[in-house]
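The structure appears right after this line, and notes come after that.
The values are calculated or read from the model by the stated rules, or taken from the named source; none is laboratory data. If you're wondering where the values come from, they're calculated on a predicted model, not measured in any experiment. Here Cβ is always computed from backbone atoms with ideal geometry, including for glycine, and neighbour counts include all displayed protein chains.
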Amino acid sequence: MNLKLKGFAAGAFSAICYGTNPLGGLFLYEEGLSPESVLFFRFLIGLVILCVILLCSHRSFRLSLEELSLVAVLGVLFAVSALSLYSSFLHMAAGVASTLLFSYPVFVAIFMACLFREKISAITLLSIVITFAGVALLCLDGTEQSWDYYGALLVLLSSLSYAVYMIVVNKSKVKISALKLNVYVLLFCLLSILVYSLFIEQHSIIAPRSLKGWFFAVWLGIVPTVFSLVFLVKAIHLIGSTPTAVIGALEPLTAVLIGILVFKEPFYPALGLGMTLILLGVVLVICSRQLSILRLSESLSVWGKKFKKHWRWRVS
């Protein structure tokens, strides 16, 4: 498997894992936990697991001052994104909120084009348009209770923070291993949630009260945290921010499927069409490099034939 294909696979796996956030969060909300409590235990469990892995691999925890500054910024960005998303679940349907989160590829593409002069290929642009059309259809579930403007603003804040996080990871000149990077990102996420909870009088950090609650807390710590973060960094390093962001279309697709299969949310024709468009957009961005190579090969073939014809004419 070549590096590009590994990058696409890592990005897809990361997106699917991150799309399972509602699965654990909504069950823990039923036990009376606040978004701060859910995220505190999510990040704590994820941090412990990654620290154990780092210790077993005999790698150093040491960071330079420059590296520490980087992970602190990333940790705060990821905490803001997670807290905004989880808070939006209290105001609107989690499936719709998760689909709206997919606006972050637009922020990534705009920032990369404006700040770093990155060119957006026609195929990438087309894939963004198609996937956003799919996301728009996913939001048309026919119920007013699923939509809330304050919740939508929270999701947009989450999306913007997540986009900046991806760009900082991609463009930073400080190179840290994915494992060590995510250990310290989760550490600063945890600290950020703790600081935030101190300013929220009506909320406090509450532990799960049942075995089922702890199961979903561990689930959140492993699947949408450890797995998602590690494979996200891998994907960004292998294929860049924009393709990884577009492949993130699998996140809302996963969230909608969880809503239908687990929380018994109704299925509408618009949902099926939206899922199809999202998958089409993902396939387009995955195949974009192969299509570019094919066009280049065809161009070289045409140039080669013209050269041979011209050479024969000159010789004769």
Output yes when any residue across region 275-282 is small (Gly, Ala, Ser) and modelled with pLDDT of 75 or more, and no when none is. yes
Would you check if Val108 is of a type in the set (A, V, I, L, M, F, W, C), closer than 20 Å to Val135 by Cβ and surrounded by 17 or more Cβ atoms within 10 Å (Cβ to Cβ)? yes
Within region 244-257, work out how many residues are farther than 15 Å from Val168 by Cα, crowded, with 24+ Cβ neighbours inside 10 Å and not aliphatic (A, V, I, L, M). 3
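For every residue, the table says whether it meets (1) surrounded by fewer than 20 Cβ atoms within 10 Å (Cβ to Cβ); (2) in contact with a Lys or Arg (Cβ under 6 Å, 6 or more places away or on another chain); (3) β-branched (Val, Ile, Thr); (4) more than 15 Å from Pro35 (Cβ to Cβ).
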residue: Asn182; (1), (2), (3), (4): no, no, no, yes
residue: Val185; (1), (2), (3), (4): no, no, yes, yes
residue: Phe188; (1), (2), (3), (4): no, no, no, yes
residue: Ile206; (1), (2), (3), (4): yes, no, yes, no
residue: Leu211; (1), (2), (3), (4): yes, no, no, yes
residue: Phe215; (1), (2), (3), (4): yes, no, no, yes
Can you spot a residue in region 87-98 that is at pLDDT 85 or above, in a helix (DSSP H, G or I) and crowded, with 23+ Cβ neighbours inside 10 Å? yes
Being at pLDDT below 90, hydroxyl-bearing (Ser, Thr, Tyr) and in contact with a Leu (Cβ under 9 Å, 6 or more places away or on another chain), is that true of even one residue in region 102-114? yes
Inspect all residues belonging to region 242-258 and state whether any of them is out of contact with any Ser or Thr (no Cβ under 9 Å at 6 or more places or on another chain), on the phi > 0 side of the Ramachandran plot and either at pLDDT 75 or above or of a type in the set (Phe, Trp, Tyr) (or both). no
Conditions: (1) more than 30 Å from Ile120 (Cα to Cα); (2) within 18 Å of the chain's Cα centre (by Cα); (3) hydrophobic (A, V, I, L, M, F, W, C). Phe188 meets all but one. Number of the miss? (2)
Check Glu201, Glu118 and return the single one that is in a loop (DSSP other than H, G, I, E, B), modelled with pLDDT under 80 and surrounded by 14 or more Cβ atoms within 10 Å (Cβ to Cβ). Glu118
Residues of region 23-35 being surrounded by 21 or more Cβ atoms within 10 Å (Cβ to Cβ) and under 11 Å from Ile206 (Cα atoms), which ones? Leu28, Leu33, Pro35
In region 37-69, anything touching a residue at least 40 places away in the same chain (Cβ under 8 Å) and charged (D, E, K, R) is listed as Arg42, Arg59, Glu66, Glu67
Cβ contacts < 7 Å: first residue without any contact (Cβ under 8 Å) to a residue 12 or more places away in the chain, restricted to region 98-119; second residue among the β-branched types (Val, Ile, Thr), any location; separation 6+ or different chain. Result? Ala113/Ile120
With the requirement that a residue be of a type in the set (A, V, I, L, M, F, W, C) and closer than 12 Å to Trp219 by Cα, what does region 10-38 give you? Cys17, Leu23, Phe27, Leu28, Val38
Got a sec? Which of Val76, Val108, Val52, Val96 is in contact with a helix residue (DSSP H, G or I) (Cβ under 8 Å, 6 or more places away or on another chain) and within 24 Å of Leu187 (Cβ to Cβ)? Val76
